[in-house]
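Asks: Quick one: structure below, then a few questions.
The values are calculated or read from the model by the stated rules, or taken from the named source; none is laboratory data. Not measured: the values here are computed from a predicted model. Cβ placement follows ideal geometry from the backbone for every residue including glycine, while neighbour counts extend to all protein chains displayed. Accessible surface areas use protein heavy atoms only, side chains included; no ligands, DNA or RNA. Shrake-Rupley method; radii C 1.70, N 1.55, O 1.52, S 1.80 Å.
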Amino acid sequence: MARSRSLTDLARLGFADLGAADRGLARLDRPDSEPWFAEAADPDAALERLLRLVERDAAATDRVLADPDAGVRLVRVLGASEGLAAFYHRHPEQLTSLIEPMEEPPGPESLREELLAAVRGRTGEAARVALRVGYRRQLGRLVAWDLAQPSGQDAVERVAGTLSDLAAAALEASLSLARAEAPFPAEEVAATRLAIIGMGKAGGRELNYLSDVDVIFVAEASAGLAEQRAVEIGTRLAMLAIRGVAELAMEPGLWEVDANLRPEGKDGALVRTLESHLAYYERWAKDWEFQALLKARPLAGDAELGERYVAAIWPMVWQSASRDHFVESVQRMRGRVTDHIPADQVDVQLKLGPGGLRDIEFTVQLLQLVHGLTDEQVRVRGTLPALERLVEQGYIGRVEAGEFAEEYRFLRVLEHRLQLRRLRRTHIMPVDEEGLRVLARASGLAATGEELRDRWQRVKTRVRELHERLFYR
């Protein structure tokens, strides 16, 4: 029998609709679970979603709730993510993955093997569903680990790195399916080498909970196969690999695979040989394309070919700063990004707006490219590792770099929690009090929504000041 509870008790737990919470807890009829909701970003949503799971599959849900630690993990996840709640509703058998705690985020090889195992022996729709379910199973466990950390800011690098490894594993598994399904002779498919190069956040191991994954495809012939035939087959493999993670299916796609950073963008060939890539970069590439290549990293497919690609383009990236008016072109590009933000979003844009993540990233990348022309020590991927190197080499003050790093982590945690809520790509801060309250609880960055808004405004002001001082000096 449910115990009596006061509205004050419910308010202390963080519930907003006290009457609905009282009725919902009575339906749940688990008095021992009530304190768990204090751990949820949105206790009202967590309770509603938990009740729906009980209705969907009481046995699977009860197995999790029987373990108090697992119950807390589930309530945290449900309170932070409508997207993951929907996943567990579609696949209640996956709830039990939260029973065993994740002590540490898994490494890239472990994730790769798990997703390859998920699709092994399967084809078509069944394989794509298995891949996506396997991905989201690991995503749910990572979210539970993330939300349990004392500081989201301290954990954000590890979370972003694991998300990048998970995306690489998904592409690897999808490419394995593509090789099995490609409509070409098996020996020709085997003789087609294909590397998937990660760009941007994927290359820098900085992915969000829901990012586009920027890639470039490189093909090569082996075993006597003609080069043009390898490009043809590689193109089909690339298209199938993209469909495996993004195409409509019974289980929704994971994220968009964006190959538009390739030579000539949307108008260029989806797949090229290494030689064709190099010819383009030597003759026609624009300054921004070399900046885009700064974080290029082999992500999936043929690792040896991917390493050769990066080794070949790496010197070009760092020589790009010697081009005429290079610094001015990078500065103009940052201005164009800001100019294209819709007027009603400028003040709420976490990523692109003044004082947002792009101000930090562009500043760090410009300093890297300028000083990396002669100093190999700053030639690293990733914003935070680059900041550390720039300090060590004396190109930025330790205090300034420390502030930039802290503010970057603050903004990234907000970005993660915003995207986690619906598993959608967004960088727009809420303006309503309830949205800010939930975000404050989810991020742990402030006690109230008003306090979070005030802190964010201070961070924006400081980021913009540092950006203008360092980026335009």
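Asks: If you check Gly19, Gly24, Gly79, which single one turns out to be in a helix (DSSP H, G or I) and within 29 Å of the chain's Cα centre (by Cα)? Working first, answer last.
Replies: On the way: Gly19 fails: within 29 Å of the chain's Cα centre (by Cα); Gly24 fails: within 29 Å of the chain's Cα centre (by Cα).
Gly79 is the lone residue from the list that is in a helix (DSSP H, G or I) and within 29 Å of the chain's Cα centre (by Cα).
Asks: Which ones in region 419-434 are assigned to a helix (DSSP H, G or I) and free of Cβ contacts under 8 Å to residues at least 60 places away in the same chain? If you could, list the steps in order and put the result at the bottom.
Replies: Kept after step one, since they are assigned to a helix (DSSP H, G or I), are these residues of region 419-434: 419-422, 433-434.
If the condition is that a residue be assigned to a helix (DSSP H, G or I) and free of Cβ contacts under 8 Å to residues at least 60 places away in the same chain, then Glu433 is the only one that fits.
Asks: Let me ask you something else. If you check every pair at least six apart or on different chains, which have Cβ atoms under 8 Å apart with a residue in region 389-418 that is within 15 Å of Arg441 (Cα to Cα) and in contact (Cβ under 8 Å) with a residue 12 or more places away in the chain first and a residue that is part of a loop (DSSP other than H, G, I, E, B) and among the aromatic types (Phe, Trp, Tyr) second?
Replies: Filtered contacts from region 389-418: His416/Tyr209.
Asks: Residue by residue through region 267-302, note down the ones that are under 23 Å from the mean Cα position of the chain (by Cα) and free of Cβ contacts under 8 Å to residues at least 40 places away in the same chain.
Replies: Glu289
Asks: Sticking with this one: How many of the residues in region 120-136 are surrounded by fewer than 22 Cβ atoms within 10 Å (Cβ to Cβ) and either assigned to a helix (DSSP H, G or I) or touching a Lys or Arg at 6+ places or on another chain (Cβ under 7 Å) (or both)? It would help to see each step written out before you state the result.
Replies: Kept after step one, since they are surrounded by fewer than 22 Cβ atoms within 10 Å (Cβ to Cβ), are these residues of region 120-136: 120-126, 129-130, 133.
Restricting the remaining residues to those that are either assigned to a helix (DSSP H, G or I) or touching a Lys or Arg at 6+ places or on another chain (Cβ under 7 Å) (or both) gives 124-126, 129-130, 133.
Number satisfying all stated conditions: 6.
Asks: If only one of Ala148, Ala173 is over 27 Å from Glu415 (Cα atoms), within 20 Å of the chain's Cα centre (by Cα), hydrophobic (A, V, I, L, M, F, W, C) and at pLDDT 95 or above, which one is it? Working first, answer last.
Replies: Values: Ala148 fails: over 27 Å from Glu415 (Cα atoms).
Sole residue among the options that is over 27 Å from Glu415 (Cα atoms), within 20 Å of the chain's Cα centre (by Cα), hydrophobic (A, V, I, L, M, F, W, C) and at pLDDT 95 or above: Ala173.
Asks: Within region 61-77, does at least one residue satisfy the condition of being basic (Lys, Arg), open to solvent by 30 Å² or more (accessible area, probe 1.4 Å) and farther than 24 Å from Ala16 by Cα? Don't jump to the end; show me each part of the working.
Replies: Taking region 61-77 as the starting set, the residues that turn out to be basic (Lys, Arg) are 63, 73, 76.
From what's left, open to solvent by 30 Å² or more (accessible area, probe 1.4 Å): 63, 73, 76.
Going one step further and asking which of them are farther than 24 Å from Ala16 by Cα, we end up with 63.
Within region 61-77, one or more residues are basic (Lys, Arg), open to solvent by 30 Å² or more (accessible area, probe 1.4 Å) and farther than 24 Å from Ala16 by Cα.
Asks: Being open to solvent by 10 Å² or more (accessible area, probe 1.4 Å) and more than 19 Å from the chain's Cα centre (by Cα) is the filter here; which residues of region 231-242 pass it? Steps first, please.
Replies: Looking only at region 231-242, we keep the residues that are open to solvent by 10 Å² or more (accessible area, probe 1.4 Å), and these are 231-232, 235-236, 239-240, 242.
Hits for region 231-242 are Val231, Glu232, Thr235, Arg236, Met239, Leu240.
Asks: Kindly indicate which of Arg437, Arg389 is assigned to a helix (DSSP H, G or I), open to solvent by 70 Å² or more (accessible area, probe 1.4 Å) and not aliphatic (A, V, I, L, M). Don't jump to the end; show me each part of the working.
Replies: Working: Arg437 fails: open to solvent by 70 Å² or more (accessible area, probe 1.4 Å).
Of the residues listed, the single one that is assigned to a helix (DSSP H, G or I), open to solvent by 70 Å² or more (accessible area, probe 1.4 Å) and not aliphatic (A, V, I, L, M) is Arg389.
Asks: Considering region 400-434 alone, what residues qualify as being surrounded by 20 or more Cβ atoms within 10 Å (Cβ to Cβ) and of a type in the set (Gly, Ala, Ser)?
Replies: Within region 400-434, Ala401 is the sole residue that qualifies.
Asks: Take the residues in region 270-305 that are at pLDDT below 95 and part of a loop (DSSP other than H, G, I, E, B), then tell me which one is most open to solvent (accessible area, probe 1.4 Å).
Replies: Of everything passing the filter in region 270-305, Trp284 is most open to solvent (accessible area, probe 1.4 Å).
Asks: Could you look through region 440-454, keep only residues that are open to solvent by 60 Å² or more (accessible area, probe 1.4 Å) and under 17 Å from Gly355 (Cβ atoms), and pick out the one that is nearest to the chain's Cα centre (by Cα)? Quick ask: steps written out before the conclusion?
Replies: So the first thing to find is which residues in region 440-454 are open to solvent by 60 Å² or more (accessible area, probe 1.4 Å), and the list is 441, 444, 447-448, 450-451, 453-454.
In the following step, the residues that additionally are under 17 Å from Gly355 (Cβ atoms) were identified as 453-454.
Numbers: Arg453: 24, Asp454: 26 Å.
If we take residues in region 440-454 being open to solvent by 60 Å² or more (accessible area, probe 1.4 Å) and under 17 Å from Gly355 (Cβ atoms), then Arg453 is nearest to the chain's Cα centre (by Cα).
Asks: Among the candidates Phe217, Phe184, which residue alone is over 29 Å from Gly79 (Cβ atoms), crowded, with 18+ Cβ neighbours inside 10 Å and among the aromatic types (Phe, Trp, Tyr)? Steps first, answer last, please.
Replies: Working: Phe184 fails: crowded, with 18+ Cβ neighbours inside 10 Å.
Of the residues listed, the single one that is over 29 Å from Gly79 (Cβ atoms), crowded, with 18+ Cβ neighbours inside 10 Å and among the aromatic types (Phe, Trp, Tyr) is Phe217.
Asks: Consider Ala41 against the criteria (1) under 22 Å from Ser97 (Cα atoms); (2) part of a helix (DSSP H, G or I); (3) open to solvent by less than 20 Å² (accessible area, probe 1.4 Å): it satisfies all of them except one. Which criterion is unmet?
Replies: Only one criterion is unmet by Ala41, namely (2).
Asks: Scan Val346, Val370, Val330 and give me the residue that is open to solvent by 10 Å² or more (accessible area, probe 1.4 Å), in contact (Cβ under 8 Å) with a residue 12 or more places away in the chain and either out of contact with any Lys or Arg (no Cβ under 6 Å at 6 or more places or on another chain) or closer than 30 Å to Thr192 by Cβ (or both).
Replies: Values: Val346 fails: in contact (Cβ under 8 Å) with a residue 12 or more places away in the chain; Val330 fails: open to solvent by 10 Å² or more (accessible area, probe 1.4 Å).
Just one listed residue meets the conditions, Val370.
Asks: Can you name every residue in region 247-269 that is open to solvent by less than 40 Å² (accessible area, probe 1.4 Å), farther than 21 Å from Lys286 by Cβ, at pLDDT 95 or above and not charged (D, E, K, R)?
Replies: Matches in region 247-269: Gly253, Leu254, Trp255, Val257.
Asks: Residues in region 309-316: is at least one over 21 Å from Gln365 (Cα atoms), open to solvent by 10 Å² or more (accessible area, probe 1.4 Å) and among the aromatic types (Phe, Trp, Tyr)?
Replies: no
Asks: Take the conditions modelled with pLDDT of 95 or more, under 23 Å from the mean Cα position of the chain (by Cα) and surrounded by fewer than 20 Cβ atoms within 10 Å (Cβ to Cβ) and apply them to Glu48. Does it pass?
Replies: When the stated conditions are applied, Glu48 does not pass them.
Asks: Search region 182-197 for residues that are in contact (Cβ under 8 Å) with a residue 12 or more places away in the chain and pair each with any residue that is among the polar types (S, T, N, Q) when their beta-carbon atoms are under 9 Å apart and the residues are at least 6 apart or on different chains.
Replies: Ala182/Thr192; Phe184/Thr192; Ala190/Ser222; Ala191/Ser222; Thr192/Ser222; Arg193/Ser222
Asks: Continuing with the same structure: Are there any helices (runs of 4 or more DSSP H) wholly within region 185-264 with 2 or more residues that are closer than 20 Å to Ser164 by Cβ, and if so which? Talk me through it step by step, then tell me what you get.
Replies: On the way: elements: 186-190, 200-203, 227-246.
Per the criteria, 200-203, 227-246.
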